[in-house]
Amino acid sequence: MPNAQTDDRLIVALDVPNALKGLEIAESLGSAVSFYKIGLGMLTGGGLALANELKQEHGKRIFLDMKLFDIGNTVENAVRGLSQFDLDFLTVHGDTHVVRAAKEGAAGTDLKILAVTILTSLNRADLDAGLIRNGDMEELVLERAAKAFDAGADGVIASPQEARGIRALSESKGRLIVTPGVRPTGSDVGDQKRIATPSQAIANGADHIVVGRPIVKAPSPVEAAQAILSELS
Ligand code: C5P
């Protein structure tokens, strides 16, 4: 079981190529971290098996970051299949038909469906290149969040810079806001563009922060995680 003292507001993204390396990092973090995100990069490297092992044998909570997007019928079937694993959070893109289908697929389970608003690594120039309609980034994120909540999403993924605006939406009451794009002061930004520090993200209304490279690539992942946790407390 997770250590009752562990602060599950911190979710560590195990962005490493395979389950062996992921397990090594999780073991080095020990009881400091109780919530892990497993994503597409590990899908072919035993990601689902690791999700199971961390859950069943180590008592960790699991966020499977699949960012599903397809026709409704396919999304529903995919989520129904994934619901057989004991997962806590699953991501889909925040389009209405996708969120509705995912909620159907997860019906009768405790799996929470989180909708991606707009990736935190994108800025307005990237949206232009992707032919996404004009409008300020925050305005588009808030609109997508409201639509995803209306479609039944249990929460949304957004930049910490947009968390405050999402929290102010009446639709967000009782729903989760999970923010990647979190960088402790002084750490490498990498490809993220709409970032904030861990404490700013929580102050802006995030329920959970997702941190990858600043922890998994640190010389001492456990020290990096502990520094973030002490910043939060
Ligand atoms: O290494 P870093 O802290 O940037 O990792 C952030 C994680 O959050 C990555 O696994 C990335 O796929 C994920 N993510 C994101 N932006 C989103 C949704 C998920 O960066 N909108």
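The values are calculated or read from the model by the stated rules, or taken from the named source; none is laboratory data. Nothing here was measured: the structure is a model prediction, and the numbers come from that model. Neighbour counts run over all protein chains shown; Cβ positions are idealised from the backbone, glycine included.
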Query raised in the report: How many of the residues in the stretch 36-51 are assigned to a helix (DSSP H, G or I) and closer than 11 Å to Asp65 by Cβ?
Result: 6
Report task. Out of Ala4, Ala101, Ala78, report the one residue that is of a type in the set (A, V, I, L, M, F, W, C), surrounded by fewer than 19 Cβ atoms within 10 Å (Cβ to Cβ), outside any strand (DSSP E or B) and at pLDDT 95 or above. Result -> Ala78
Query - Residues of the stretch 191-215 satisfying the condition of being polar (S, T, N, Q) and either in contact (Cβ under 8 Å) with a residue 60 or more places away in the chain or within 9 Å of the ligand (Cβ to nearest atom) (or both) - result: Gln192
Report task. Might you let me know whether the stretch 217-224 holds any residue that is among the hydroxyl-bearing types (Ser, Thr, Tyr), more than 24 Å from Ser172 (Cβ to Cβ) and in a loop (DSSP other than H, G, I, E, B)? Result -> yes
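Is one or more of the residues making up the stretch 142-155 within 13 Å of the chain's Cα centre (by Cα) and not charged (D, E, K, R)?
Among the residues of the stretch 142-155, at least one is within 13 Å of the chain's Cα centre (by Cα) and not charged (D, E, K, R), which makes the answer yes.
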Query raised in the report: Can you tell me which residue in the stretch 104-123 is farthest from the chain's Cα centre (by Cα), limited to those that are exposed (fewer than 14 other Cβ atoms within 10 Å of the Cβ) and over 15 Å from Pro180 (Cα atoms)?
Result: Gly108
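Do you know which residues across the stretch 142-176 are of a type in the set (A, V, I, L, M) and more than 21 Å from Asp15 (Cα to Cα)?
Leu142, Ala145, Ala146, Ala148, Ala151, Ala153, Ala163, Ile166, Ala168, Leu169, Leu176
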Report summary line: Of the residues in the stretch 36-46, those that are of a type outside the set (A, V, I, L, M, F, W, C), surrounded by fewer than 23 Cβ atoms within 10 Å (Cβ to Cβ) and either touching a residue at least 40 places away in the same chain (Cβ under 8 Å) or farther than 17 Å from Val210 by Cα (or both) come to Thr44, Gly45, Gly46
**Report entry** Boolean, Asp70 is within 25 Å of Ala218 (Cβ to Cβ), assigned to a loop (DSSP other than H, G, I, E, B) and either within 16 Å of the chain's Cα centre (by Cα) or of a type in the set (D, E, K, R) (or both)
**Finding:** no
Query raised in the report: Taking only pairs six or more apart or across chains, which ones have beta-carbon atoms under 8 Å, a first residue in the stretch 19-35 that is part of a helix (DSSP H, G or I), and a second residue that is of a type in the set (Lys, Arg)?
Result: Ala26/Lys60
Query raised in the report: On the given criteria, is Val92 within 15 Å of the ligand (Cβ to nearest atom), crowded, with 16+ Cβ neighbours inside 10 Å, outside any loop (DSSP other than H, G, I, E, B) and more than 11 Å from the chain's Cα centre (by Cα)?
Result: no
Query raised in the report: Among the candidates Leu127, Leu176, which residue alone is over 16 Å from the mean Cα position of the chain (by Cα) and away from the ligand (no atom under 12 Å from the Cβ)?
Result: Leu127
Requested in this report: For the stretch 187-213, name all the residues that are farther than 25 Å from Asp154 by Cα and in a helix (DSSP H, G or I).
Outcome: Arg213
Query - Pairs, first within 13 Å of Gln161 (Cβ to Cβ) in the stretch 129-141, second among the aliphatic types (A, V, I, L, M), C-beta under 6 Å, six or more apart - result: Val141/Ile118; Val141/Ala158
Query - Test: Ala218 is more than 10 Å from the ligand (Cβ to nearest atom), surrounded by fewer than 18 Cβ atoms within 10 Å (Cβ to Cβ) and over 25 Å from Arg61 (Cβ atoms) - result: no
Requested in this report: For the stretch 223-232, state whether one or more residues are surrounded by 18 or more Cβ atoms within 10 Å (Cβ to Cβ), closer than 16 Å to Ile157 by Cβ and not basic (Lys, Arg).
Outcome: no
